[in-house]
Structure formats: structure tokens, C-alpha cells
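Novice: Encoded as C-alpha cells, here's the structure I'll be asking about.
The values are calculated or read from the model by the stated rules, or taken from the named source; none is laboratory data. Keep in mind that this is a model prediction, so the values were computed, not measured. A quick note on method: Cβ atoms are made from the backbone with ideal geometry, for glycine too, and the neighbour counts reach across all protein chains shown. All accessible areas refer to the heavy atoms of the entire protein, side chains included, with ligands and DNA or RNA removed. Shrake-Rupley method; radii C 1.70, N 1.55, O 1.52, S 1.80 Å.
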Amino acid sequence: MERPPEDAGGSPTLFQLSARAVTANMERLEEDVWGLPAVILQALLPLLNIYYLERIEPAAVRKGLSTQSVWCKLWNDVMKSKPSRFGTVTCWRKKFLEAFFHNVLRGILDVSSDRRLHDRRFSPLEHSSQHVSELTICNKQQGVTALTPAVLECLAQSVETLKFLHLRSSDPRTQQSLRQLLHHLIHHGRVSKVSVLSWPCPDNQLLVLILTLSAGYWQPDLDPPCALCLQTPADPPDDSSLSALLSLQPLNISQSARGASEQSLAPPGKRSARRAPPRSKVSPPTGRGAGGPATDLYDFIFSVSAVEEGGSSPPTSPLSTAIHCRSIRALNLHNVPLTLYSCRSLCHLLRSWTSLERLTMAYNDLGANISLVLEALSALSQDPGCSLSVFSLSDFSTAVPLLQLLHTVLRIFPHLQLLSLSYDLESHSELERPGAMHVPENDLKQLELRFPQDPIQVERLVSVLKASPSLVELSLDNATFPGQDVLRLVLTVILECNVALRRLSFHDMKLADARCEIVHLLNHSRLEEIKLSFCHLFESSDFLNEFVAAVKRNPSVKILKLCGNRLGNDGLCALADLFSSDSLSGIHYLDVSSNCIKPDGLLRFAKRLGGFGKIKLRQLSISQNLLDRDPALAHEALQSLEGVCCVISDSWDSSQAFVDHVSVM
């Protein structure tokens, strides 16, 4: 059966009139509509409002119909914006309804403005809440008070990630509603990750509320009580959790450090999660030798314990009567400065947060408070139920040397899977201990380090690399070595000690004088992904030929990123040989961004690739090059590459950039 044609004069056809009548009476005709033939149902889809369009989905799927184009048109008509990663939207239905929920919640979308968004039978929030997997609460938590028990119940079944963005203080009624939201979604829902982002002046009370409920602690409401809590009584925390959480008084760093040291000094079979009673007075250590882990941690905390003890302490009463419920597995605090008060609150929670698997702290202005975090993590590591496997810490400046911090974390948590440390500045020269420190063998699989400008102590880096035989991914950013011999040593250690390494990334490092080691690494490693960006790699054209020859002999490398290495036109054309018939290379992704490539060079490259026939290259990134110098020639080059691979480009204006590739201009 064919779809009835529209009237040539523009007036509605009989079919269209009937379809409009049907969609206007869906309340009575719904079940009959689902049974219509597929061709008629397909014509009805664009006329349905979002509520019936959602309800028709199972029937449409059974009849082999897709509603995706209708939801995509709704997005374009209602949202009037291009979504991020436009080409990767896999379900426009979910995409639209999730954004629809947030816009209605914040009061920025009037459902009465479009007949497709309004139906008296349905609640917009309740109807769309089942599609919200990532809930974002902004500013003064607009709309949180409008979340009914029915909406909360739906959100508890769908939301997995909870984000707080640009928060500001709110009134007590809103905070009470937020408390109920956190309780339902975390303690009785599916939320496993909480992110608090971009909160330059956090409200300590509100931040501690979010952290406390995220850690699973709940003060039951007296009026009305939580029905879910009454149905499922929570298991009380063990003694170690209570002892850590009920003593929320200002920390004495020396006492805490001594307690952590005594725990780690105990024999493995005798360790207990319960702390040693605090001593009345503990003197700082007289020596700072390279002793065992306990001594190192003890010395480390004392070296950075210049924390003022002033200010109010975290409240004790809420947790003293709290019950312990389900807690989240991932916490992300990004651009949220932590005061001494809020840092202490977080650290006391961290001590017994055994469900936590991923902890990300970025730009929290910790300063010397890093000692509190490390002490809390040390206590957590003693708990047999500890699950932490990913730890990421970054800030503008660090109060301790980055590599000393790296050693300390690995001694506390030798079973970490991923560790990322990133700093711009160091402000600790008077605290740094010379020489290498012992690092026990660890299970680390991914290590990411972004160094400040100061030259690094290579002995410490080498000791970590040697102690990490399971390392699969290594990323070093802005590493400054005191000499090229030191750099060569690091490359040699990577090849000899990290045989499991598959992904290697060097950024903003001078590698021009380590050519032999790089070629040796390419010839003898099993790397699958190599990133060498802004490394002054090809200052000599002779090395480019050596590099290409080495990669041609390596079948394991699949991803090669060489952005910012002064390739120019000739360098790009030399890379074309990676895909010649005599090459063993298996590269399918090549990044040559920021290499001062001009349109004529890209065209030469495209023609050389075309001459090789079918090649393995699938994606080519050429962003931030000089393609705007000759748009017509650039267009011709891009057309030539269309049949060869997918090209990732941009509309970069090269006239506004600082050009340092003078030699290839």
C-alpha cells in the first residue's frame, strides 16, 4: 500500500485530515492506532506529540519502523542547537527526552509553546525522567523542589551519573529537596558517579552535605520517614568506619601520622582496620632516611603538615546518629577549592569509603592540605574492603615534589590500576629530599604525569618505572631532563622494564637528541599507540627517514600521533611511505595536526597515497594546519583523500596563530 499523495494545491488531503483527527483523539484511539498497517503508522508518526511518540515505540519496532528521524526533527525544531558530537548520536529519542527533562526542570522550556510538547494526560518531568542517565543540577538547584515522589522513583531507576555545575547557595527548602534527591538516587538508586564541577566559592555546608550522602551516610527524616529505608534496613558500618566517622574533630597531623605508621608497621596477619588510640603527644622524627613505607609516609606528612589548626571543625552530631546506606563508586571534584573545614570532612569520609573505585581531584587548591588527603587514603588502604583503583590529582601548584608524591601514593596503594598526577608549578624546594626512594613492585597499568618546569630527579622516575612491570600506558607531559643522557636512560628503562607497554605518550619534551633510543624503541617494542607531540622530533630531516623506516618495520603500531613536530610539506610526503606496498606498518590512525602543512603538500600526500591502492589508513587528522592559504587547492586535496580515508579537519585561521615553523614556511 502506497502513501497517499498530498494535494498539489497545498490544501490537506483526506488522508491528512483523517490523520490529524486520529492524533487529536489518541486518548481514545491509542490501542487501535498501534494495530494500523506500517505504511499508515509511518505517516502518523510526525503528527504525534512526544508522549504518544514515546508510547508507540514498541509497536513501531515490531512493524519495522524507526522513529529516529522524527526525534531528530523535534531536536532541531525545539532545542534549536547542534548537539555535541553531532555525528555520534545513536538514539535521538533518548537524546531529546533527556535534554527535554533538563530544560523543563530549569524552567527554560515552556511546554505550552508547542502542541507536540503538551498533553493534559501526562507530566512532562515524569514522562521524560526514565530517559535521564546523567542528571545535571545547576546554579541554585532550580526545579529540585518540583520533583515529585513519582519523578524521583523514575530517576532512581535511570540516573547513573549525577553532576553539580556552577552551584550557588540555596534556601533551606531547596536544600531539603536536594537532600531527598541525593538519598533516592544514591542510597536507593543506581547513581555510581558524582561530579562537582566549577564551584569557585563553595558553600561548605552544601558541599559537605553532597559528600556525606555520596559516601552513604543518611540521617533519617523524622517527618515523614523514608518508606524505602523502612522496607530495607541498612547494615550498620563496622567498628572501623564508626571510629573514623564519629571522631570528626580537628586533626592533629602528628597523631594521625603516627597511627598510620603503626598500622603499616604491624605484621600482615595482625593488621586491623581499627586505629591505635591517639597519643597525647608525638614528637617529629629526628631522621629522614629512606626507610620503609611507614617511615616514608610519616616523614612525608610531617614535611607538608604546615596546616593551620584554626577554624571550626566538621560537625559530629549528624554522623553520630546516621545510618550507612549504599554509596557511590566514583567521585570527581573539579575546580572546587577545599577549605580546611571541607577538606577535613572529605578526608574523614574517605577513611571508610570502601566502595570508592575512582577518585578525581582537580584544581582544589589543596596546598599543604594534601597531607590530610594522603593520611585518609593511607587509612582507607588498610581496610580489606578497599576498592580504590583509579586516583587522579591535579592542581596549579603542589606543596611537595611531584615524584615524591608519586612514590608516596604508590606505597600507600600498590594495587592502583591508574594514577594521574598533574601540576603546573612546584613550591616546595626547601622540603625536597634528594636521591631515590624505594618503591615496592605495584600493579599499575596506566601512569600519567604532567610535570612543572623544574628539571626532574630521574632516579625517582626510573625507580617507579622499574617497579611497574604491568604498565600498559605511560604518558609524560612537559618533562624537563637535566641532560640528554638522562633522557636516553629513561627510554632504555622503558624498553627493558615495561615490556607490557602498549601506549606511549610524550608531550612537550625535547627528543631531538635521543634518536637512537627512539628508533631502538620502535624496533624492539610492541607498542600499539605512539604519541610524540611538540617534541622537536624532526629538526633533522635525516632522522625523519630513520623514523619512517623504523615504523615501516613495526606491524604492532596502529595509532601514530605526531602533531606539532615541524613536518611541513616534505615531512608529510615522507610519511606517505608508511603505507607503501613494502611496508609492514598497520597504522590506521595518523595525526599530523599543527605541522605547518600547506594545501599543495596535502595534495602531494593525497596523490602518493592514491598510488598505493587500498591502504590500512582509516582516519587522518590535519587540524590546525595552513590549509586556509589556498582554499581551492585544499578542497581539491580533501576530495582526493575522500576515497582513501576519513579526514578530520577544521576551519582554523592560521593568520591568528603564532608560527614558529619558520624553516618550512
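Novice: Just add up the charged neighbours of Val499: K/R +1, D/E -1, any other residue whose Cβ is under 13 Å from the Cβ of Val499. Numbers along the way, then the final one.
Specialist: Working: positive: Lys466, Arg502, Arg526; negative: Glu496.
Value of the local net charge: +2.
Novice: Keeping all protein chains in position, work out how much accessible area Glu441 exposes to a 1.4 Å probe, and write it in Å² to the nearest 10.
Specialist: 140 Å²
Novice: Using the Cβ atoms and a cut-off under 14 Å, what net charge is assigned to the surroundings of His635, where Lys and Arg are +1 and Asp and Glu are -1?
Specialist: Working: positive: Lys598, Arg629; negative: Asp600, Asp628, Asp630, Glu636, Glu642.
Cβ neighbours under 14 Å give a net charge of -3.
Novice: Let a ≥ b ≥ c be the square roots of the eigenvalues of the Cα gyration tensor of the stretch 61-185; is it rounded (a/c under 1.5), or, if not, prolate (a/b larger than b/c) or oblate? Walk me through the numbers before you get to the answer.
Specialist: Values: a/c = 1.75, a/b = 1.70, b/c = 1.03.
Prolate.
Novice: Which of Lys531/Lys614; Lys561/Lys616; Lys558/Lys616 have a Cα-Cα distance over 18 Å?
Specialist: On the way: Lys531/Lys614 25 Å; Lys561/Lys616 16 Å; Lys558/Lys616 9 Å.
Listed pairs above 18 Å: Lys531/Lys614.
Novice: Between Thr480 and Thr13, with labels modelled 7 Å along Cα→Cβ, what's the label distance in nm to one decimal, could you check?
Specialist: Output for this residue pair reads 7.4 nm.
Novice: Trypsin sites (Lys or Arg not before Pro) within the stretch 163-226: which are DSSP loop residues with at most 13 other Cβ atoms inside 10 Å? Please list the in-between numbers first.
Specialist: On the way: sites: Lys163, Arg168, Arg173, Arg179, Arg190, Lys193; in loops: Arg168, Arg190.
Answer in residue order: Arg168.
Novice: Quick one: what are the phi-derived ³J(HN,Hα) couplings along the stretch 550-562, Karplus 6.51/-1.76/1.60 with θ = phi - 60°, whole Hz, x for glycine and proline?
Specialist: So the J values, rounded to whole Hz, are 5, 5, 4, 8, 10, x, 7, 5, 10, 10, 10, 10, 10.
Novice: Cβ under 12 Å from His187's Cβ, His187 left aside: what net charge do those residues give with Lys, Arg +1 and Asp, Glu -1?
Specialist: Values: positive: Arg179, Arg190, Arg326; negative: none.
It works out to a net charge of +3.
Novice: Check which residues have an amide H placed less than 5 Å from Leu356's amide H, if you skip close sequence neighbours.
Specialist: The list, which skips near neighbours in sequence, is Ser387.
Novice: Whole number in Å², please: accessible area per residue of the stretch 83-204, 1.4 Å probe, ligands, DNA and RNA not counted.
Specialist: 46 Å²
Novice: Moving on to the next point. Pull up all non-local amide H partners of Lys163: gap of 5 or more, or a different chain, and H-to-H distance under 5 Å with H placed in the peptide plane.
Specialist: Hits under the 5 Å cutoff: Leu135, Thr136, Ile137, Ser195.
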